[in-house]
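A.B. asks: Sending over a structure as C-alpha cells; questions will come in a sec.
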Amino acid sequence: MKSLNKGKEELKRFRQQVMERTKEERLAIRRKARQSAKKWNRLIGMQHMFIGALVFGLITGVLSYSGVLEEADHWVSDGIYHMIARKQSNSYIRIISIDEKTVKKYGEYEEWSREKTAKLIQQLNQWEDNTPSVIGLDLDYSEEKDPKGDQALVEACSDYKNICFSAHAVLDENTKDGRQPQTAGQSAIGKPLETGVMGERRIEEIRKPFDQLFAQVTVGIANSTKDSEDGFVRGAFFSVQMGGAKIDSFATAIYKMHRDNRGKEYTIPKLEEDQSFQFTFSKRSQEYTTYSFVDVLEGRIDPAAFGDCIVLVGEFTEDMTFRVPNQRNTQMYELEMQANILEALLEQRTGQEASKGFMAVFFAFFMAMFFIATSYSSDKLTIVIALLMSVIQLFACWIVNLCGYYVNILVAIIMFTVITIYSMAVRYFAAIQNQYAMEGVFKKYVDENIITALGKDGRIEAHIGVVSKDIAVLFVDIRGFTSLSESLPPEQIVEILNAYLELVAQVIAKYQGTLDKFIGDAAMAVFNSPIDLEDYEFRAVCAALELCGKASNLNEMCKKEYGKQVTFGIGIQCGEAVIGNIGCEMRMDYTAIGDTVNTAARLEGAASSGQILISREMMQRLRGRIKTRFAGEYTLKGKRHTVPTYAVEGIIHAE
C-alpha cells in the first residue's frame, strides 16, 4: 500500500512537471508571437519610415518639377490666392466707365468732342482739398481730332498734375526672344525707337497721346499684360525696354504717381528678366466701385466720392476683355484688369513664379516630414496631422508669396491626401497581420471552431452563457502512461505527449470535431458544438477508429526510440449536454458539461488498451453502420446502475 501511495505521489509530481513544461511551451509560443508582432512593427518602423519619406519626397519633387499637373495646379492655386487677396482687399480705386448708358446719351466714344474729357477732369478736380490722387485715362488720344476739343483737353491737363494717359504698343507677334528687330520703329515716347521688346514680342511702334497732350501728362503702356501658357492673364510687365530706356506700363505709371503724390517711395516688385511680374487678382468683374461716365459728367455723382482715390476712366466694350483666372467662365474688361494690377502693386501682392527646382525641394521636404509625422500615428491623429500640415503648408506658401514668389499648391494637396490614405492603409493591413498572428497563437490554445463561434460576424462575443444541445463526446488517453512516466526522463515523456496530442488534434480536426481540452495525457473532443454538424455521432466513431489505427505508427516510433509501447483507450457517448462559456468574467472556458460528458469520460476509463467503448444509445443510433460487440456491463462512477457497453470493431457502411 505504501509503495502504491508513493507511486501515486510520484505520478502526481511527474504530471505537475509535465504541466509546467507545457506552460513553458505556451510561454515560449507567446514570446514567439510577440517577437513576430515586434518584427512587423519594425518593418513599418524606422526603415519603413525613412524609405517611405524618401520615396514620397521624390514622387512629390518629380510631380512638382515636371509640371504634369500645371494646368490643374493653376486652377486650384488661383482660387486659393484670389480668396486670400479678396479678403484682404480694401481698395480705394474708382472706375468711371464709358458704358451703354453713356453711349446711348452721347453716341460712340470715337465721335465725341474731347471737351467732354476735359470737363470730366475739371469736374473731378474741382475741390482742391479733395481731389483724386491720380486720374488714369485708358483712352486713345494718339491723333489730333478737332482743334477746339484738343486744346480744351490740353489746357485741362496742364492745370493739374494728377493725370496719366495710356499709350499702346504695336507688337510684332512673329518676333520671339533672342531675335533682334530688323528695322527701327517710328517713334518712342519722345525718343527715336532703336529697339523695343515686350517679353517675346518686338515692339514696332508705340501709339502715344498727340504731342501737345503728351507734354502735359504722364504716360504708361496699357497693353502690357502677360498671358500664361493656358491663356489666362496672371502677369504684367512693370516696364518695357525701348532702346536704352525703360518705359513704364500704365498701371506702373499710376502706381508711381500715387506714391509720389502721397510723399512715399514706391517699391519695385520681384521681376523676371523680361521685366514682368506675377500678380494676384483681388476682385472680379463689377466688384470695383464703378460709375457711368454720363452720371459723373452731368453732376449726378458727388465729386467727393473720388477724393484721394485713384480714378480709372475707360471703355467697357466686348473687344477689350481678357481671360482671367479668378473668373474662368467670363472675361474681364481691360479697365477692371488694370485696376487689379494696380491694386496688386499697391498692396504688394506681386512676385515672380518660383523656380521649379525650389518648388520641387520645398514640397518634397514637406511631404517627407508629413510622412514621418504620420508613421506612428493613429488614423484619427493622421487626419488631424494632415489638416494641420495642410494649414502649415498654406501658411508657408503665403509667406513665400509675401516674399515675392508664387507657389502652386495642388501637388501638395494631392500628396497630403495620398500619404494620409497610404498611412491609414498600412496600419489597417498591419492590424490585420497582427490579428492573424494573434489568431494563429490563439488557435494553439483554443479550438478553431470555438474561435469561429466567438468571433461570429467579425466580433468577439465572450460572455457567460450556455445552451442545451445534443452532442457526441469523445475521450482518449494513453494506456500505461504511469509506468511509462516512471521509466523515462521527463524530456522524453514530453516528446511522446506532444506527438500523441498532435495526432489527436489532426484526427479530430479532420472529422470537424472540436478539441475541447487536454487533460494531462487525456484529451476531450466534442462533435456538433459549437459548429452544427450532420451525422456527428458517426464522425466521432470514425475519428476514434482512425486514432486507434494511427496509434500503431506512434507505438512503432516509441518502441524504436524509447523501447516502450503506447496504446490508446477511447470512450464515446452522445446525448444532451450544456454548451457555452462557463466560468467568471475574469476567466472562462468554452466547453461542454453534463451526464453525457461524464459518461464518455467513464467509458474511456473502462476501455482497455486499443479499445473503443460506446454506450447503448450510441450503438442504437449507429445500428447497421458500425460493427460492434457487447463488451459487458460496467459500474461507472456516479451511476446507480450498471451501464451496458459495446466495443467498436469497424464500419459497415460509411455515407
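The values are calculated or read from the model by the stated rules, or taken from the named source; none is laboratory data. Just so it is clear, the model here is predicted, and its values are computed rather than measured. Neighbour counts run over all protein chains shown; Cβ positions are idealised from the backbone, glycine included. SASA here: full protein model, heavy atoms, side chains in, ligands and nucleic acids out. Shrake-Rupley method; radii C 1.70, N 1.55, O 1.52, S 1.80 Å.
A.B. asks: Return the total of residues in the range 532-559 being farther than 24 Å from I626 by Cα and among the hydrophobic types (A, V, I, L, M, F, W, C).
C.D. replies: So the answer is 3.
A.B. asks: Given the criteria assigned to a strand (DSSP E or B), open to solvent by 10 Å² or more (accessible area, probe 1.4 Å), of a type outside the set (K, R) and at pLDDT below 90, does Q327 qualify? Outline the logic, then answer.
C.D. replies: Numbers: assigned to a strand (DSSP E or B): no; open to solvent by 10 Å² or more (accessible area, probe 1.4 Å): yes; of a type outside the set (K, R): yes; at pLDDT below 90: yes.
In short, no.
A.B. asks: From A631, A607, A577, grab the single residue that is modelled with pLDDT of 90 or more, of a type outside the set (S, T, N, Q), open to solvent by less than 10 Å² (accessible area, probe 1.4 Å) and under 27 Å from S483 (Cβ atoms). Explain how you work it out, then say what you get.
C.D. replies: On the way: A631 fails: open to solvent by less than 10 Å² (accessible area, probe 1.4 Å); A577 fails: under 27 Å from S483 (Cβ atoms).
When all the criteria are applied, what remains is A607.
A.B. asks: List every residue pair whose Cβ atoms lie under 8 Å apart, where the two residues are 6 or more positions apart in sequence or sit on different chains, the first residue falls within the range 103-130 and is in a helix (DSSP H, G or I), and the second residue, located anywhere, is of a type in the set (K, R) and open to solvent by 50 Å² or more (accessible area, probe 1.4 Å).
C.D. replies: Y106/K116; E115/K148
A.B. asks: Within the bounds of the range 49-60, is there any residue that is open to solvent by 90 Å² or more (accessible area, probe 1.4 Å) and modelled with pLDDT under 80?
C.D. replies: Taking every residue of the range 49-60 in turn, none turns out to be open to solvent by 90 Å² or more (accessible area, probe 1.4 Å) and modelled with pLDDT under 80.
A.B. asks: Please count how many residues of the range 581-593 are surrounded by fewer than 21 Cβ atoms within 10 Å (Cβ to Cβ) and either touching a Gly at 6+ places or on another chain (Cβ under 8 Å) or over 12 Å from I471 (Cβ atoms) (or both).
C.D. replies: Applying the first criterion (surrounded by fewer than 21 Cβ atoms within 10 Å (Cβ to Cβ)) to the range 581-593 yields 581-589, 593.
With the extra rule that they be either touching a Gly at 6+ places or on another chain (Cβ under 8 Å) or over 12 Å from I471 (Cβ atoms) (or both), the set shrinks to 581-589.
Within the range 581-593, residues that are surrounded by fewer than 21 Cβ atoms within 10 Å (Cβ to Cβ) and either touching a Gly at 6+ places or on another chain (Cβ under 8 Å) or over 12 Å from I471 (Cβ atoms) (or both) number 9.
A.B. asks: Check off (1) outside any helix (DSSP H, G or I); (2) open to solvent by 30 Å² or more (accessible area, probe 1.4 Å) for G351 and give me the number that stays unchecked.
C.D. replies: Among (1) outside any helix (DSSP H, G or I); (2) open to solvent by 30 Å² or more (accessible area, probe 1.4 Å), the lone unmet condition for G351 is (2).
A.B. asks: Turning to a different aspect of this structure: Output yes when any residue across the range 312-323 is outside any helix (DSSP H, G or I) and among the basic types (K, R), and no when none is.
C.D. replies: As a first pass, look at the range 312-323 and keep what is outside any helix (DSSP H, G or I): 312-317, 321-323.
Within this subset, residues satisfying the condition of being among the basic types (K, R) are 323.
Checked against the condition, which is being outside any helix (DSSP H, G or I) and among the basic types (K, R), the range 312-323 yields at least one hit.
A.B. asks: Okay, moving on. Based on this model, can you work out whether L381 counts as surrounded by fewer than 21 Cβ atoms within 10 Å (Cβ to Cβ), farther than 19 Å from I59 by Cβ and modelled with pLDDT of 80 or more?
C.D. replies: Working: surrounded by fewer than 21 Cβ atoms within 10 Å (Cβ to Cβ): yes; farther than 19 Å from I59 by Cβ: yes; modelled with pLDDT of 80 or more: no.
So L381 fails the test.
A.B. asks: Considering only residues of the range 507-517 that are open to solvent by 10 Å² or more (accessible area, probe 1.4 Å) and outside any strand (DSSP E or B), which is farthest from V473 (Cα to Cα)?
C.D. replies: First, pick out the residues of the range 507-517 that are open to solvent by 10 Å² or more (accessible area, probe 1.4 Å): 509-512, 515-517.
Next cut, outside any strand (DSSP E or B) only: 509-512.
Numbers: A509: 14, K510: 16, Y511: 13, Q512: 13 Å.
Per the criteria, the residue is K510.
A.B. asks: Do you know which of the residues in the range 490-500 that are open to solvent by less than 30 Å² (accessible area, probe 1.4 Å) and of a type outside the set (F, W, Y) is nearest to I579 (Cα to Cα)?
C.D. replies: Out of the qualifying residues, it is L497.
Here's the yes/no breakdown for (1) modelled with pLDDT of 80 or more; (2) part of a loop (DSSP other than H, G, I, E, B); (3) closer than 24 Å to E272 by Cα:
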site: A360; (1), (2), (3): yes, no, yes
site: F365; (1), (2), (3): yes, no, no
site: F370; (1), (2), (3): yes, no, no
site: M389; (1), (2), (3): no, no, no
site: I419; (1), (2), (3): yes, no, no
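A.B. asks: Another question about this same structure. Which ones in the range 282-299 are of a type in the set (V, I, T) and buried (at least 21 other Cβ atoms within 10 Å of the Cβ)? Quick ask: steps written out before the conclusion?
C.D. replies: Here is the first cut: in the range 282-299, the residues of a type in the set (V, I, T) are 289-290, 294, 296.
Selection gives V296 alone.
A.B. asks: So in the range 542-585, with the set limited to residues that are closer than 18 Å to I496 by Cβ and among the polar types (S, T, N, Q), which one is nearest to the chain's Cα centre (by Cα)?
C.D. replies: For the range 542-585, the residue satisfying everything is N553.
A.B. asks: Same structure, new question: Output the number of the condition that N340 fails; it satisfies all remaining conditions of (1) in contact (Cβ under 8 Å) with a residue 60 or more places away in the chain; (2) surrounded by fewer than 23 Cβ atoms within 10 Å (Cβ to Cβ); (3) within 29 Å of T102 (Cβ to Cβ).
C.D. replies: So N340 meets the others, but not (2).
A.B. asks: While we're looking at this one, here's another question. Among the candidates V494, V504, which residue alone is under 55 Å from the mean Cα position of the chain (by Cα), hydrophobic (A, V, I, L, M, F, W, C), farther than 20 Å from G610 by Cα and assigned to a helix (DSSP H, G or I)?
C.D. replies: Working: V504 fails: farther than 20 Å from G610 by Cα.
When all the criteria are applied, what remains is V494.
A.B. asks: Which residue out of A544, A525, A540 is in contact (Cβ under 8 Å) with a residue 24 or more places away in the chain, surrounded by 23 or more Cβ atoms within 10 Å (Cβ to Cβ), touching a helix residue (DSSP H, G or I) at 6+ places or on another chain (Cβ under 6 Å) and outside any loop (DSSP other than H, G, I, E, B)?
C.D. replies: Working: A544 fails: touching a helix residue (DSSP H, G or I) at 6+ places or on another chain (Cβ under 6 Å); A540 fails: touching a helix residue (DSSP H, G or I) at 6+ places or on another chain (Cβ under 6 Å).
Exactly one of A544, A525, A540 is in contact (Cβ under 8 Å) with a residue 24 or more places away in the chain, surrounded by 23 or more Cβ atoms within 10 Å (Cβ to Cβ), touching a helix residue (DSSP H, G or I) at 6+ places or on another chain (Cβ under 6 Å) and outside any loop (DSSP other than H, G, I, E, B), namely A525.
A.B. asks: Hey, any hits in the range 597-604 for a residue that's of a type in the set (V, I, T) and part of a helix (DSSP H, G or I)? Full working, then the answer.
C.D. replies: Looking only at the range 597-604, we keep the residues that are of a type in the set (V, I, T), and these are 597, 599.
Right, trim to part of a helix (DSSP H, G or I) and you get 597, 599.
Among the residues of the range 597-604, at least one is of a type in the set (V, I, T) and part of a helix (DSSP H, G or I), which makes the answer yes.
A.B. asks: Within the range 462-488, track down each residue that is farther than 27 Å from Y590 by Cα and either of a type in the set (D, E) or at pLDDT 85 or above (or both). Quick ask: steps written out before the conclusion?
C.D. replies: First, pick out the residues of the range 462-488 that are farther than 27 Å from Y590 by Cα: 479-488.
Selection gives E486 alone.
A.B. asks: Starting from residues that are open to solvent by less than 20 Å² (accessible area, probe 1.4 Å) and outside any helix (DSSP H, G or I), keep the ones in the range 547-572 and report whichever is modelled with the lowest pLDDT.
C.D. replies: Looking at the filtered set, the residue picked out is V566.
A.B. asks: I've got another one for you. Based on what the data block shows, is N223 surrounded by fewer than 20 Cβ atoms within 10 Å (Cβ to Cβ), under 26 Å from C157 (Cβ atoms) and within 45 Å of the chain's Cα centre (by Cα)? Step through it out loud before you land on a result.
C.D. replies: Working: surrounded by fewer than 20 Cβ atoms within 10 Å (Cβ to Cβ): yes; under 26 Å from C157 (Cβ atoms): yes; within 45 Å of the chain's Cα centre (by Cα): yes.
Considered against the rule, which asks whether it is surrounded by fewer than 20 Cβ atoms within 10 Å (Cβ to Cβ), under 26 Å from C157 (Cβ atoms) and within 45 Å of the chain's Cα centre (by Cα), N223 comes out as yes.
A.B. asks: May I pose another question? Could you check how many residues of the range 354-378 are of a type outside the set (F, W, Y), crowded, with 19+ Cβ neighbours inside 10 Å and touching a residue at least 60 places away in the same chain (Cβ under 8 Å)?
C.D. replies: 6
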